[in-house]
Amino acid sequence: MTGSLQQKNGKYYAVLNTYENGKRKQKWIDSSLPVKGNKTRAEKFLREQIAIYEKQEHIIRSDILFSEYIRYWLTIIKSEVDEITFQGYELTANTQVLPYFEKLGTPLQKVTHEVLQRYFDEKAKSGRLDGKGGLSARSLKLHKNVINQTLNEAAKNNLISVNPCQWVKLPSIERREPSFYSAEQMEKFLDAISDEPLALLIKITAIYGLRRSEVAGLQWNSIDFEKNLISIRHTVVKVDKIVEKDRTKTASSYRSFPLVPEIREALLEQREQQLINRTLFKKDYHDSPYIFVWDDGRPISPDYMSHAFKKLLKKYNMPKMRFHDLRHSCASILLSKGFTLKDVQEWLGHADIKTTANVYGHLDMSRKNAIAEGMVSAISKC
């Protein structure tokens, strides 16, 4: 295999001359290395990529195992999707799919619809790594995505005649209903934790109905103290490792809220404390743009938020729920106060009102009450 280094948008790319179905094809691989001062490292990257693809070319001509081909697919897909998506694929493959098929030793060409259906049926019953039952519908869809894309790649390379995953039916999983706190429960909980380190973080999450990634991604430039606005612009996500993004989940997730007085004052106090901590820690302080950080400036990770939240519920004898259920509780409280599904959609940053209706439609009692009153009024006039 041959290849060359090319420059594009100020970065080096390894360009490999590959062959697919007898036709020459160039594959561009982003090295993420800036052109300036990185030629030697880029040349090494090119050599490594050539070695990887030469090995892959040898592999796909062999009668390989399905598990080996999944590993091959991961190397292909890595340069085609964003980092968070790849982390999800890689984690699912390494912790679930690969161990299962490595144990079976199933050759790629022996993967049938029956083999795959058995896999999904077993995972639906007892697929959780902690031994506490089966996987969720969402997890099963991710597993199917990994397997389906792997087999599509195999079919494209003429290693199998057809992708058997197309006939797999995912087991029906009873949907987990979100947990909600009433307004009274939320007030009780927020009062109880008022002196806890994460009190402000949890309060902002509950009031504005934020996703965990959104509250973790809040930066000081997201707060406009003059206009009293708080904007959702950044996210911090962790699958296998933490990834910071200068964008939200969807375009509609980018939104602004009024900065209510009690949150404004608490944020000003938090900013002042960070300035004090920066002086105390001096050179050991980690400069960070984030609002929610440890005393030494290191950002608080999304996983820690969930773990600490669970401990606080137990400490104050509150009903169990997940950190994400603060967002559900926000929606529930808004609907109970007479706000519409459209209001909730905009507040939560849902791209489509169908999402809002599917999750919270059964709670929209104000709309149902209006319909009932309309019917009673219409009938009484007959």
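The values are calculated or read from the model by the stated rules, or taken from the named source; none is laboratory data. Everything numeric in this text was worked out from a predicted model, so none of it was measured. When we count neighbours, we look across all protein chains shown, and the Cβ atoms used for this are built from the backbone with ideal geometry, even at glycine.
Check segment 128-141 and report whether any residue there is on the phi > 0 side of the Ramachandran plot and either modelled with pLDDT under 95 or crowded, with 20+ Cβ neighbours inside 10 Å (or both). Yes; the residues of segment 128-141 include at least one that is on the phi > 0 side of the Ramachandran plot and either modelled with pLDDT under 95 or crowded, with 20+ Cβ neighbours inside 10 Å (or both). A Cβ distance below 9 Å, combined with a sequence gap of six or more or placement on separate chains, defines the contacts here; from segment 54-71, residues that are closer than 19 Å to residue 163 by Cα reach residues that are modelled with pLDDT under 60 and exposed (fewer than 13 other Cβ atoms within 10 Å of the Cβ) in the pairs 68/62.
Consider segment 174-196 and keep the residues that are surrounded by 14 or more Cβ atoms within 10 Å (Cβ to Cβ) and polar (S, T, N, Q). The one that is modelled with the highest pLDDT is 185.
If a residue has to be in contact with a helix residue (DSSP H, G or I) (Cβ under 8 Å, 6 or more places away or on another chain) and either of a type in the set (Phe, Trp, Tyr) or free of Cβ contacts under 8 Å to residues at least 12 places away in the same chain (or both) to count, how many in segment 292-301 make the cut?
Total satisfying the criteria: 1.
Collect the residues in segment 286-327 that are crowded, with 16+ Cβ neighbours inside 10 Å and charged (D, E, K, R), keeping them in residue-number order. 322, 325, 327 - these are the residues of segment 286-327 that are crowded, with 16+ Cβ neighbours inside 10 Å and charged (D, E, K, R). Total residues in segment 302-330 satisfying the condition of being more than 20 Å from residue 292 (Cβ to Cβ), in contact (Cβ under 8 Å) with a residue 24 or more places away in the chain and part of a helix (DSSP H, G or I): the figure is 1. Screening the candidates 108, 135, 116 for the property of being touching a Cys at 6+ places or on another chain (Cβ under 8 Å) and either aliphatic (A, V, I, L, M) or not assigned by TED's automatic domain parsing to the domain that holds residue 151 (or both) yields one hit, 116. Being surrounded by fewer than 15 Cβ atoms within 10 Å (Cβ to Cβ), over 20 Å from residue 206 (Cα atoms) and in contact with a helix residue (DSSP H, G or I) (Cβ under 9 Å, 6 or more places away or on another chain): is that true of residue 144 here? For residue 144, the condition - surrounded by fewer than 15 Cβ atoms within 10 Å (Cβ to Cβ), over 20 Å from residue 206 (Cα atoms) and in contact with a helix residue (DSSP H, G or I) (Cβ under 9 Å, 6 or more places away or on another chain) - is not met. If we scan segment 331-344, do we find a residue that is in contact with a strand residue (DSSP E or B) (Cβ under 9 Å, 6 or more places away or on another chain), assigned to a helix (DSSP H, G or I) and not hydrophobic (A, V, I, L, M, F, W, C)? For segment 331-344, residues in contact with a strand residue (DSSP E or B) (Cβ under 9 Å, 6 or more places away or on another chain), assigned to a helix (DSSP H, G or I) and not hydrophobic (A, V, I, L, M, F, W, C): absent. For the residues 88, 105, the requirement of being small (Gly, Ala, Ser) and surrounded by 15 or more Cβ atoms within 10 Å (Cβ to Cβ) singles out 88.
Taking every residue in segment 75-97 that is closer than 22 Å to residue 135 by Cβ and among the hydrophobic types (A, V, I, L, M, F, W, C) and pairing it with any residue that is modelled with pLDDT of 85 or more and part of a loop (DSSP other than H, G, I, E, B), at least 6 positions away or on another chain, the pairs with Cβ-Cβ distances below 9 Å are 86/78; 86/80. A single entry from 213, 252, 231, 256 fulfils the requirement of being in contact with a His (Cβ under 8 Å, 6 or more places away or on another chain), modelled with pLDDT under 95 and either among the hydrophobic types (A, V, I, L, M, F, W, C) or not in a loop (DSSP other than H, G, I, E, B) (or both): 252.
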